[in-house]
Every structure is written in structure tokens, then in C-alpha cells.
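Notes for the one structure printed next.
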Amino acid sequence: MRIILTTLAFSLSAACAAQVAADPVSTEVSVTVNAPTEAQVKTFGPLASLVGQSFRGNPMNGSSEPNPDTQKWEWALGGTAILIRHALADGSYGGDTYVYKDSTSGDLVYVYITNAGFRTEGVMTVNEDGSYTAVEAVNGHPEIVEVRSTSVLNEDGSTSMSSEYVTKDGTVTPGHSFTYQPTTEPLPKLKPPAAKPPAPAQ
């Protein structure tokens with residue numbers, strides 16, 4: 001089975017952090033938390049248990065993004081999809097990821113839409129060692145064309161994630177490295193985006 005993990009909603013944020021304006025726009029919404037149904041557990045596997053929770057990601061050594069990231073997991077589309085909303089602590093960048101089962105392939109696929117004007121699409125694969133890897137195509141970014149990432153659910157309830165970026169000339173550069181812990185803090189307020197995302201940070 002193929003699935004997306006929490007951290008894919010944030011795999012491009014450092015490379016594409018938007019220019020900010022003065023007035024923030026809140027990304028937080030009220031969510032009623034319900035236990036997942038049997039059908040949701042069958043469709044989404046361990047991801048179903050994450051819905052209704054929020055997670056704060058702190059950069060690990062070597063991460064290309066220094067800002068903490070916060071994610072909020074919700075049911076969407078009548079419970080047939082998972083919505084993962086995220087924002088950097090400074091409000092400069094964020095996005096929404098919809099995870100759903102593809103009716104043709106049966107895979108769990110995702111679409112990630114950002115406030116920086118680009119989007120990604122991908123499929124997550126569960127590996128034998130329990131890790132999750134993904135290769136996602138990037139649309140609308142001036143430099144990055146692909147993101148590769150690996151995520152692991154740890155025994156203490158945290159999630160570890162690392163990623164790398166592929167640019168148009170084929171160069172592969174290190175991306176984010178984060179450890180996510182459950183949190184009760186709200187999503188940071190997103191600020192209006194720039195006209196276009198800047199070149200990726202090196």
C-alpha cells in the first residue's frame with residue numbers, strides 16, 4: 001500500500017518561502033475530533049489515527065529550513081480525504097495537502113497546494129523497514145522540479161523526516177530535516193504570498 005505521511009505537507013517550504021506583507025491572515029479553523037471509522041482505518045491505515053491532532057516540527061541538524069513548522073490534521077470531503085494544513089512559525093509560508101485514495105490505482109495519492117503559487121503531486125510508498133518514501137512532481141516553481149523524502153513514525157509518537165530537491169538542471173540538494181512532536185498550539189497566521197517563489201535556498 002502507498003500512503004503519504006505528515007511531513008510531506010512541508011517538504012518544500014524552505015526552498016519557496018514567500019515574501020511577506022504586513023497583515024496576517026489566520027489559517028486556523030475549528031475542528032471536531034471524531035474517532036476514525038472502520039472504513040477510514042482500512043483506507044488510510046496509521047494515518048487515520050493522526051487526524052484531529054496537531055504537530056510541531058523542529059529542524060534537525062543540516063535542515064535547509066531554520067523555522068519550526070506546525071501541522072494540523074483534519075478529515076475533509078465528508079471523511080473521504082485527509083487535509084493536512086501547515087505553516088511556518090513566522091507565517092511566511094504554508095500550504096494544504098489533500099490525501100485520498102485514487103479510484104483507478106487504489107493508491108493513496110496527495111496534492112499539495114502552497115501560498116507561494118506552486119503545487120506538488122505524489123504517491124507515498126511504505127517500505128519493509130516501516131519508513132515511508134515519496135517522489136513528488138513540482139508544478140509552478142522556477143527551479144525545483146522534484147522532491148524526494150523519507151519519513152519514519154517513531155516509537156515515542158514523533159515523526160522524523162528528511163528530504164532532497166531536484167532542480168531543472170538535475171542537481172540534487174539537501175532539503176528539510178525535521179522531528180515532529182504532538183502539540184496543542186494553533187497554526188501560525190499566514191501572511192500574503194509574494195508574486196512568485198524565490199529560487200531555492202542552498
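Examine segment 158-168 for a residue that is in contact with a helix residue (DSSP H, G or I) (Cβ under 8 Å, 6 or more places away or on another chain), β-branched (Val, Ile, Thr) and at pLDDT below 90, and state whether such a residue exists.
yes
Within segment 91-105, take every residue that is in a strand (DSSP E or B) and of a type in the set (Gly, Ala, Ser) and give me the one that is surrounded by the most Cβ atoms within 10 Å (Cβ to Cβ). Before you say what the answer is, go through the steps one by one.
Quick first cut of segment 91-105, residues in a strand (DSSP E or B) only: 94-101.
Going one step further and asking which of them are of a type in the set (Gly, Ala, Ser), we end up with 94-95.
Working: 94: 27, 95: 24.
Step by step, filter segment 91-105, then rank; the result is 94.
For segment 121-145, name all the residues that are out of contact with any Gly (no Cβ under 8 Å at 6 or more places or on another chain) and over 22 Å from residue 179 (Cα atoms).
The answer is 121, 138, 139, 141, 142, 143, 144, 145.
Tell me which residues, restricted to segment 175-189, are modelled with pLDDT of 90 or more and assigned to a strand (DSSP E or B).
The initial filter retains those residues of segment 175-189 that are modelled with pLDDT of 90 or more, namely 179-189.
179, 180, 181, 182, 183, listed by residue number.
The values are calculated or read from the model by the stated rules, or taken from the named source; none is laboratory data. This is a predicted model, so every value here is computed, not measured. When we count neighbours, we look across all protein chains shown, and the Cβ atoms used for this are built from the backbone with ideal geometry, even at glycine.
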